[in-house]
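The values are calculated or read from the model by the stated rules, or taken from the named source; none is laboratory data. Every value quoted in this text rests on a predicted model; they were computed, and no experiment measured them. Quick reminder, even Gly has a Cβ in these numbers, built from the backbone with ideal geometry, and neighbours come from all protein chains shown.
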Amino acid sequence: MFLKRKNKEQQIQQTVLTNRKSSIVKKATVSILLISSLSFNIAFANEDDSHTLKEIYHIYSNGQYVGALSDQTEMETMMDQKVLDSRSQYKDFSLKAGSNLSIVPEQVFTASTDDEATLQKLNELIEVKAKAFALSVNDEMAVYVKDLDAYRDAVHKLKLHFVSEEELQAVEARKDSTETLPKLKENETRIMDLILKEKVSGVTVDVSPEQVVSSDDAVKLLLEGTLEQETYKVAEGDVLGTIASKHNLSTSELMALNPGVSESTVLQIGQELNVTVLKPLINVEVLYEKRAEEVIKHTKKVEETDEMYKGDTKVKQEGSDGKKIATYLVRKENGIEVGQSVIEETILEAPKDHIVLKGTKVIPSRGSGQFAWPAEGGYISSKMGYRWGRQHEGIDIARPNGYTIKASDNGVVEAAGQDGTYGNRVIVNHQNGYKTTYAHLSSISVSVGDVVPQGSKLGVMGSTGRSTGTHLHFEVEKNGVTINPLSVLN
């Protein structure tokens with residue numbers, strides 16, 4: 001029994017000893033492997049680095065090659081600084097730099113870059129952009145504002161340039177309503193619609209912050225086509241016509257651009273004239289509905305009658321204006337009325353024509369009221385008026401083509417013969433309130449009581465009586481009062 005236990009203990013001790021030896025061998029093996037690995041890595045590290053791949057960065061600006069960089073860090077620092085420098089001037093904008101740049105990385109074994117030269121070029125090429133909102137007209141970018149709120153504000157102010165806030169609110173509320181509008185009251189006007197004639201839209205874009213304008217400037221640009229008004233300084237020798245021509249304007253257009261300037265204005269050297277022709281990018285049409293009581297003007301008519309002598313007139317019917325109530329649709333474009341149409345019209349009182357009867361009956365002894373030239377050509381050598389210390393009661397006609405004196409209108413000879421300073425003279429009574437006198441004749445061809453149609457011969461031009469040369473003295477009398485012959489001669 002004792003021997004069995006002892007043998008068992010010896011077996012256990014032998015097993016432990018064997019396990020220890022095995023552990024020592026394993027540890028020794030691991031140590032050898034670690035040492036071998038370290039030696040291998042050290043040997044690899046000491047080999048030539050020329051077979052190791054490296055990354056460089058090719059830089060392009062707007063598609064044009066700038067250069068290569070071995071590291072992007074300095075470029076990124078440069079862009080951050082550009083943004084920082086611009087932020088003080090454009091505080092309210094979201095800014096970023098380098099959006100015009102593109103970077104293409106490349107794996108190379110040998111890095112050959114001139115970072116300093118490339119960075120110098122980049123310093124000039126890097127652009128700072130602001131996030132803004134482009135207002136487009138017919139899909140073409142017209143103006144840039146800060147953001148969507150500024151865009152909406154600009155469009156709103158554009159509309160307010162032609163209507164009031166209250167009117168605009170009423171129009172916009174009406175578009176969302178299905179209710180029928182009440183009938184207009186007398187002399188009432190209301191806006192039916194406001195239309196932007198061009199397509200207006202917007203989109204977020206990145207642009208130079210210098211291109212971004214306020215909503216007020218955006219409205220000015222949209223309405224006038226420019227933010228800058230071009231002026232011209234008057235130089236020596238300038239006149240309106242030449243200035244207008246230089247700027248492709250007519251004289252009337254130039255005067256319209258400069259209120260207070262007319263064709264009679266004396267231009268001053270150095271005076272500034274506006275030569276900017278406004279070309280709106282957006283046209284705003286406003287439709288109005290108006291209802292008003294209006295006067296219908298009466299017309300004047302003339303009716304001829306052979307029951308009255310030629311030259312006589314008589315009112316057959318006195319005219320009077322009428323009244324109506326009309327509703328109109330009025331179109332205004334950029335504040336100027338361009339059209340009007342009648343929607344509804346009610347006649348309150350019809351107008352009455354003013355009718356005048358005009359006589360057509362002609363007899364040789366009665367004048368028609370239309371006076372012909374009493375000589376064969378010639379010219380007026382002296383007009384009616386004060387001369388030589390006394391009143392000259394008619395006109396003098398001299399240097400005719402022929403010397404025949406003719407009746408200026410139909411009538412009856414009232415006087416024919418010598419009459420002091422008049423010399424040989426003829427008076428014709430036209431039987432309608434008019435009388436004509438023909439003086440200084442060399443001879444007389446008619447007698448008292450003769451009926452003389454217009455154009456018939458009365459005598460021959462001469463220089464009898466108080467006369468300084470051959471001529472005709474011609475007078476016209478109406479209802480006993482001498483009048484200027486030039487007021488009735490045809």
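Are any of the residues in the range 132-151 surrounded by fewer than 17 Cβ atoms within 10 Å (Cβ to Cβ), of a type in the set (Lys, Arg) and either farther than 30 Å from Arg190 by Cβ or in the same structural domain as Met192 (by TED's automatic domain parsing) (or both)? No; the residues of the range 132-151 include none that is surrounded by fewer than 17 Cβ atoms within 10 Å (Cβ to Cβ), of a type in the set (Lys, Arg) and either farther than 30 Å from Arg190 by Cβ or in the same structural domain as Met192 (by TED's automatic domain parsing) (or both). Got at least one residue in the range 211-226 being surrounded by 14 or more Cβ atoms within 10 Å (Cβ to Cβ) and at positive phi? Scanning the range 211-226, I find at least one residue that is surrounded by 14 or more Cβ atoms within 10 Å (Cβ to Cβ) and at positive phi, so the answer is yes.
Within the range 356-379, take every residue that is in contact (Cβ under 8 Å) with a residue 40 or more places away in the chain and assigned to a strand (DSSP E or B) and give me the one that is nearest to Arg425 (Cα to Cα). If you could, list the steps in order and put the result at the bottom.
Keep residues of the range 356-379 that are in contact (Cβ under 8 Å) with a residue 40 or more places away in the chain, which gives 356-375, 378.
Narrowing the set further to residues that are assigned to a strand (DSSP E or B) leaves 356-361, 371.
On the way: Val356: 38, Leu357: 36, Lys358: 33, Gly359: 31, Thr360: 31, Lys361: 30, Phe371: 18 Å.
Only one residue fits best here, namely Phe371.
Suppose we keep only residues that are at pLDDT 95 or above and among the acidic types (Asp, Glu) within the range 305-321. Which one would you say is farthest from Glu337 (Cα to Cα)? This residue is Glu318. If you go through the range 297-306 one residue at a time, do you hit one that is in contact (Cβ under 8 Å) with a residue 60 or more places away in the chain, basic (Lys, Arg) and outside any loop (DSSP other than H, G, I, E, B)? No; the residues of the range 297-306 include none that is in contact (Cβ under 8 Å) with a residue 60 or more places away in the chain, basic (Lys, Arg) and outside any loop (DSSP other than H, G, I, E, B).
In this structure, is Asp216 of a type in the set (Asp, Glu), touching a helix residue (DSSP H, G or I) at 6+ places or on another chain (Cβ under 9 Å) and farther than 18 Å from Lys279 by Cα? No; evaluated as a whole, the condition is false for this residue. Just give me the residues in the range 387-439 being surrounded by 15 or more Cβ atoms within 10 Å (Cβ to Cβ) and in a helix (DSSP H, G or I), in sequence order. Tyr422 - this is the single residue of the range 387-439 that is surrounded by 15 or more Cβ atoms within 10 Å (Cβ to Cβ) and in a helix (DSSP H, G or I). Selection of the range 249-296 for residues being closer than 22 Å to Gly237 by Cβ and not in a loop (DSSP other than H, G, I, E, B) yields Thr251, Ser252, Glu253, Leu254, Met255, Leu257, Glu272, Leu273, Asn274. Taken over the range 122-141, the criterion of being within 23 Å of the chain's Cα centre (by Cα) and either among the polar types (S, T, N, Q) or closer than 30 Å to Tyr60 by Cβ (or both) is satisfied by Ser136, Asn138, Asp139, Glu140, Met141. Among Val452, Val460, which is the only one that is free of Cβ contacts under 8 Å to residues at least 60 places away in the same chain and either surrounded by 14 or more Cβ atoms within 10 Å (Cβ to Cβ) or within 25 Å of Arg366 (Cβ to Cβ) (or both)? When all the criteria are applied, what remains is Val460. The set of residues in the range 247-268 being touching a residue at least 24 places away in the same chain (Cβ under 8 Å) and either touching a strand residue (DSSP E or B) at 6+ places or on another chain (Cβ under 8 Å) or surrounded by 13 or more Cβ atoms within 10 Å (Cβ to Cβ) (or both) consists of His247, Leu249, Glu253, Leu267. Of note, Thr113 satisfies the criterion of being in the same structural domain as Leu69 (by TED's automatic domain parsing), in contact with a strand residue (DSSP E or B) (Cβ under 6 Å, 6 or more places away or on another chain) and of a type in the set (Ser, Thr, Tyr). Cβ-Cβ contacts under 9 Å between residues 6 or more apart (or on different chains), taken from a first residue in the range 322-349 that is touching a residue at least 12 places away in the same chain (Cβ under 8 Å) and under 30 Å from Lys220 (Cα atoms) to a second residue that is of a type in the set (S, T, N, Q) and outside any strand (DSSP E or B), are listed as Glu333/Asn283; Asn334/Asn283. Of all the criteria given as (1) at pLDDT below 90; (2) within 51 Å of the chain's Cα centre (by Cα), the one not satisfied by Met79 is (1).
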